[in-house]
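The values are calculated or read from the model by the stated rules, or taken from the named source; none is laboratory data. Remember, it's a predicted structure, so these values are computed and weren't measured experimentally. Heads up, the Cβs are rebuilt from the backbone with ideal geometry, glycines too, and the neighbour counts pull from every protein chain shown.
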Amino acid sequence: MQTVPFTYRIPASGETPAGYDRHLTRRLSSLRGFFQDGAAFEKEISLGDTLVYEVYEINRPENSGELQTGLSIVHPGLIGDEYYMTKGHFHAELQTAEIYHCLQGEGVMVMENMDGEWAVEELRPGVVLYILPGWAHRSVNTGHDEDLITYFAYPGHAGHDYATIETQGFRKIMLERDGRPCIVDNPRWVAPGSR
């Protein structure tokens with residue numbers, strides 16, 4: 001781990017990121033139960049355990065004086081008519097924010113908070129998204145031919161709460177309708193505390 005200031009590169013389009021400490025991969029099997037169309041999911045996974053998204057991280061201490069940074073890459077694809085996406089999460093330290101800078105591709109960030117508010121913001125190259133403290137977030141690649149690549153930064157002590165989303169889902173999901181992304185209510189969403 002670096003103990004003096006340091007630099008790292010954000011790769012050009014098509015380059016494999018280098019100089020990152022940790023490479024996380026999420027294959028289709030790790031997203032069982034996240035997509036609304038279970039039959040389409042089972043059909044797709046029978047063809048192979050496709051790589052849906054990956055994350056490259058710079059490891060820093062998990063304390064409030066540090067920043068966790070890296071790249072998120074969501075590959076293009078559909079399960080039925082639902083776009084490939086990340087699992088999505090709240091931060092374990094709920095009152096921490098996050099910044100995403102879109103470098104490549106097209107997509108959206110689906111967000112919601114515990115008070116029932118939700119938002120969907122477009123991601124395209126050059127867009128910087130500030131996610132307020134207390135908001136869960138999920139990246140969705142709405143393109144067909146290109147990876148959605150974002151650079152992210154959040155406080156070192158923020159942590160991740162995936163369990164809440166695994167239990168209740170997001171209120172809104174992104175489906176393809178007539179060749180275009182469409183925001184719809186998630187028919188499988190579970191209100192907090194109702195299980």
Original post:
Only one of (1) surrounded by fewer than 17 Cβ atoms within 10 Å (Cβ to Cβ); (2) touching a residue at least 12 places away in the same chain (Cβ under 8 Å); (3) more than 22 Å from Ala163 (Cα to Cα) fails for Gly105. Which number is that?
Top reply: (1)
Original post:
Does the stretch 110-126 contain any residue that is in contact with a His (Cβ under 9 Å, 6 or more places away or on another chain), closer than 25 Å to Asp21 by Cβ and modelled with pLDDT of 95 or more?
Top reply: no
Original post:
Given the conditions (1) aromatic (Phe, Trp, Tyr); (2) under 14 Å from the mean Cα position of the chain (by Cα); (3) farther than 24 Å from Pro11 by Cβ, and given that Trp189 satisfies all but one, which numbered condition is not satisfied?
Top reply: (2)
Subject >> Residue list for the stretch 159-183, filter: under 14 Å from the mean Cα position of the chain (by Cα), at pLDDT below 95 and surrounded by fewer than 16 Cβ atoms within 10 Å (Cβ to Cβ) >> reply: Glu166
Subject >> Residue list for the stretch 108-117, filter: in contact (Cβ under 8 Å) with a residue 60 or more places away in the chain and either among the charged types (D, E, K, R) or more than 23 Å from Val184 (Cβ to Cβ) (or both) >> reply: Glu112
Original post:
Counting only residues that are within 15 Å of the chain's Cα centre (by Cα) and of a type outside the set (S, T, N, Q), which one in the stretch 143-155 is nearest to Ile10 (Cα to Cα)?
Top reply: Tyr151
Subject >> Answer residue from the stretch 1-40, given it is closer than 13 Å to Ser72 by Cβ and of a type in the set (D, E, K, R) and is surrounded by the most Cβ atoms within 10 Å (Cβ to Cβ) among those >> reply: Arg26
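A quick yes/no check of all residues on (1) of a type in the set (Asp, Glu); (2) over 25 Å from Ser29 (Cβ atoms); (3) under 13 Å from the mean Cα position of the chain (by Cα):
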| site | (1), (2), (3) |
| --- | --- |
| Met114 | no, yes, no |
| Asn141 | no, no, yes |
| His157 | no, yes, no |
| Asp185 | yes, yes, no |
Subject >> Of residues in the stretch 41-70 being within 18 Å of Lys87 (Cα to Cα) and among the aliphatic types (A, V, I, L, M), the one surrounded by the most Cβ atoms within 10 Å (Cβ to Cβ) >> reply: Val52
